[in-house]
Ligand SMILES: [Zn+2]
């Protein structure tokens, strides 16, 4: 009886990309695709746009790190600097959504009527 060894295949994993901000390699589903249009960086969350793309965590820290090290012009082989305002705004919206959800959790209203500390 032959015991066949299965290769360690991870299911539901996509291609691995490198975040241009923090240089961490991760699945492309964890990253935001960014493309260039007329010298302006554009978030491509749907990944439909043609051409070269850069990958960054949907995190303003990574975006800033990428800007600081001029990773976008390098990734697109352009001279730069490239305007990342559109991407920053996109990330701002994403992060805002996450924050407001967090604030709603664990807020209870208790009636403390009648309890007073004597003095
Ligand atoms: Zn990153």
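Please enumerate the residues belonging to region 28-40 that are more than 15 Å from the ligand (Cβ to nearest atom) and surrounded by fewer than 17 Cβ atoms within 10 Å (Cβ to Cβ). Walk me through how you get there before you give the answer.
Going residue by residue through region 28-40, those that are more than 15 Å from the ligand (Cβ to nearest atom) are 35-40.
Matches in region 28-40: 37, 38, 39, 40.
Which residues, taken from region 16-27, are touching a helix residue (DSSP H, G or I) at 6+ places or on another chain (Cβ under 6 Å) and surrounded by fewer than 18 Cβ atoms within 10 Å (Cβ to Cβ)?
Once the filter is applied, which keeps residues that are touching a helix residue (DSSP H, G or I) at 6+ places or on another chain (Cβ under 6 Å) and surrounded by fewer than 18 Cβ atoms within 10 Å (Cβ to Cβ), region 16-27 yields only 22.
Out of the residues in region 41-68 that are under 18 Å from residue 25 (Cα atoms) and in contact (Cβ under 8 Å) with a residue 40 or more places away in the chain, which is nearest to the ligand (Cβ to nearest atom)?
62
Throughout, read-outs are computed from the coordinates displayed, never taken from laboratory work. Since we're looking at a predicted model, the values are computed, not measured. With ideal geometry, Cβ positions are generated from the backbone for all residues, glycine too; neighbour counts draw on all protein chains shown.
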